[in-house]
Amino acid sequence: IHLGGTGAANKLSDYETGNWTPVIKIGTTNNTLAVAYARYTKVGRQVTINMSASLINTRAGTGGLTIDGIPFTPIGSAQMTWRFNDNMNGADAVCQVSTDTTLYFYKNSTSTAGSLATFTEAFIHATNGGKHILITGTYFTNS
């Protein structure tokens with residue numbers, strides 16, 4: 001399909017939408033998610049993801065917070081917009097993709113040169129049951 005002309009720059013080579021399955025880890029410990037939605041839209045090499053999920057009551061592990069399973073391997077770094085529905089108890093972090101299918105939460109840094117934020121159950125707490133997280137962002141892929 002060509003949009004706005006017939007030149008190579010106007011050719012839409014790929015468009016797809018779908019769901020992905022996030023796996024949240026604190027350190028190396030998988031935690032249970034109740035996923036409201038985890039969707040993606042891919043236009044050419046650009047991928048936009050959206051996720052809404054809750055950690056279910058029990059959270060375990062200590063260490064870096066990661067979410068595995070984004071739908072395509074990024075070709076570079078990109079920051080995601082994210083927030084928890086509850087406070088983070090001082091864990092000031094950014095969410096970023098790098099060159100694998102994982103979202104990383106870095107503490108006090110905007111690049112992978114920073115350190116992974118250390119999270120514990122106390123950092124990811126909620127007053128009533130599970131902790132809700134929302135993520136949205138865009139990155140590029142060669143897939």
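Along its three principal axes, how long is segment 1-78 when you only count alpha carbons? Whole Å, largest extent first please.
Between the extreme Cα coordinates on each principal axis of segment 1-78 lie 55, 25, 12 Å.
For residue 46, what charge total do you get from the other residues with a beta carbon under 12 Å from its beta carbon, if Lys and Arg give +1 and Asp and Glu give -1?
Within the 12 Å Cβ shell, the charges total 0.
Laboratory data are not the source of any read-out in this text; all were calculated from the coordinates shown. If you're wondering where the values come from, they're calculated on a predicted model, not measured in any experiment. Neighbour counts are summed over all protein chains in view; Cβ atoms, including those assigned to glycine, are modelled from backbone coordinates with ideal geometry.
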